[in-house]
1. What pairs come up if the first residue lies in segment 143-167 and is without any contact (Cβ under 8 Å) to a residue 60 or more places away in the chain and closer than 13 Å to ILE182 by Cβ, the second is polar (S, T, N, Q) and not in a helix (DSSP H, G or I), and their beta carbons are under 7 Å apart, counting only those six or more places apart or on different chains?
2. Which residues, counting only those in segment 53-107, are charged (D, E, K, R) and assigned to a loop (DSSP other than H, G, I, E, B)?
3. In the set ASP155, ASP166, ASP150, which member is out of contact with any strand residue (DSSP E or B) (no Cβ under 9 Å at 6 or more places or on another chain) and either at pLDDT 95 or above or surrounded by 17 or more Cβ atoms within 10 Å (Cβ to Cβ) (or both)?
4. Kindly provide the set of residues from segment 159-204 that are more than 26 Å from GLU100 (Cα to Cα) and acidic (Asp, Glu), ordered by number.
Amino acid sequence: MNRRRGRLLPLTVLVGALAALIASVVWLTGSGFDRPGLTAPPGAAARDGPVRDLADADRAARHFADRWHLHVGEVMRFTRNYYAQLLDGHGKHATEVLVEPGSGAVHLEYGPAMVWNTAYGMVPGNGMTRGRAPGDARDIGPDQAVRIADQWLRDHRPGLRAAEPDAFPGYYTLHTLRDGHITGMLSVNATSGEVWYHTWHGRFLRMSPAPNR
């Protein structure tokens, strides 16, 4: 049953996902809120100048994280963007953000971080929940999340397998691997088992390990 749910998004979730992605495109493209006279969307932080390396991306993500009293963990470089994990004061995964290379703007990652995150996601009509903690009940454990992810990859991305999961509020995110090397990532909903492949990154280039902060 979980395998089947992992392949298909229920209509209500799909509608919400499409709405979030459309909003993301309207709000967050490089030609968007960096232009004079336009305002950054909720949860976005503008930064002057391009982001040239992982250190720049880490600093930009930290400026964003400070507003929610979070800190930066793992940072990754892809051909289209930088990706960073934000951690809470206990070192637990809180949410995921993207850093735009051209402008240095930081915003919540598309997809699961916006739609599935039960503590830092987007609430229709109410903007960000900004750290609200409604609880994080999980019907699916980390081992099962790996199995669901591996089954989805066998069906849709043959030759890839899932790495160990990182648990965020309401979902897991897992790196995808080919011959032991990172290629990208996907997420598994911790309640329904639905799978969301991260198509927006481009090709993986490099990463920095989560620092001890």
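1. Going by the 7 Å Cβ cut-off, the qualifying pairs are LEU160/THR176; LEU160/THR183; ALA162/THR176.
2. Keep residues of segment 53-107 that are charged (D, E, K, R), which gives 53, 56, 58-59, 62, 66-67, 74, 77, 80, 88, 92, 96, 100.
Residues satisfying the conditions are ASP53, ARG67, ARG80, ASP88, LYS92, GLU100.
3. Numbers: ASP166 fails: out of contact with any strand residue (DSSP E or B) (no Cβ under 9 Å at 6 or more places or on another chain); ASP150 fails: out of contact with any strand residue (DSSP E or B) (no Cβ under 9 Å at 6 or more places or on another chain).
It is ASP155.
4. Matches in segment 159-204: GLU164, ASP179, GLU194.
The values are calculated or read from the model by the stated rules, or taken from the named source; none is laboratory data. Nothing here was measured: the structure is a model prediction, and the numbers come from that model. Because the Cβ atoms are built from the backbone with ideal geometry, glycine has one as well, and the counts that use them run over all protein chains shown.
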